[in-house]
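Below: one structure, written as structure tokens.
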Amino acid sequence: MGLRVAELRLVNCGAESYVVEGYPSVVLRDDRNDPVEVSVQHGAAGITTGAPNVDAAPESVTLAPGQSASVAMVWRNLVTDFTAPAVTARIVEVEPRAGAPKLWLRLSGPVDLGNTGKLGLGPWTAVAR
């Protein structure tokens, strides 16, 4: 079925509390660092069902120094149109909260969307210690 799920984790390495809430801003980039065309949506609708980390209600998460929060991403590697090129991204650009510095994460494995054009994104969730 080509269903993929990945987690991004943010660790507060600072000396003060850091608050994240709702959803980060996410841009996928290809091997040339160019943005790829993809619809980033909140939740897993239209991709899969029963993805609690992706379909959770957004809430504010306060991270003390050393604590972390995560975001789940879900997509399908599915080709439905053989005339359209498959999309692959090896870089995820994340803005944890509005106005925060953007982080570029180079992945060891790709976000291989096929030609579905959809990426489901969950809200920030506190990571239990």
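The values are calculated or read from the model by the stated rules, or taken from the named source; none is laboratory data. Computed from a predicted model, the values in this text were never measured in an experiment. Note that each Cβ is placed from the backbone with ideal geometry, even for glycine, and that neighbours are counted across all protein chains shown.
Which residues, taken from region 87-113, are under 20 Å from Pro123 (Cα atoms) and either crowded, with 16+ Cβ neighbours inside 10 Å or in contact with a helix residue (DSSP H, G or I) (Cβ under 9 Å, 6 or more places away or on another chain) (or both)?
Ile91, Val92, Glu93, Val94, Pro96, Val111
Six or more apart or on different chains, Cβ atoms under 7 Å: show the pairs whose first residue is in region 107-118 and more than 20 Å from Ala45 (Cβ to Cβ) and whose second is of a type outside the set (A, V, I, L, M, F, W, C) and surrounded by 15 or more Cβ atoms within 10 Å (Cβ to Cβ).
Matching pairs, first to second residue: Leu107/Arg90; Pro110/Thr88; Pro110/Arg90; Asp112/Asn77; Asp112/Thr88.
Evaluate the following for Val54: is it touching a His at 6+ places or on another chain (Cβ under 9 Å) and farther than 18 Å from Gly99 by Cβ?
On the way: touching a His at 6+ places or on another chain (Cβ under 9 Å): yes; farther than 18 Å from Gly99 by Cβ: yes.
Spelling it out, Val54 is indeed touching a His at 6+ places or on another chain (Cβ under 9 Å) and farther than 18 Å from Gly99 by Cβ.
For region 64-83, which positions are surrounded by fewer than 20 Cβ atoms within 10 Å (Cβ to Cβ), within 22 Å of Leu28 (Cβ to Cβ) and touching a residue at least 60 places away in the same chain (Cβ under 8 Å)?
The answer is Ser70, Asn77, Leu78.
For region 1-38, what are the residues that are modelled with pLDDT under 95, assigned to a strand (DSSP E or B) and over 15 Å from Ser70 (Cα atoms)?
Across region 1-38, the qualifying residues are Leu3, Arg4.
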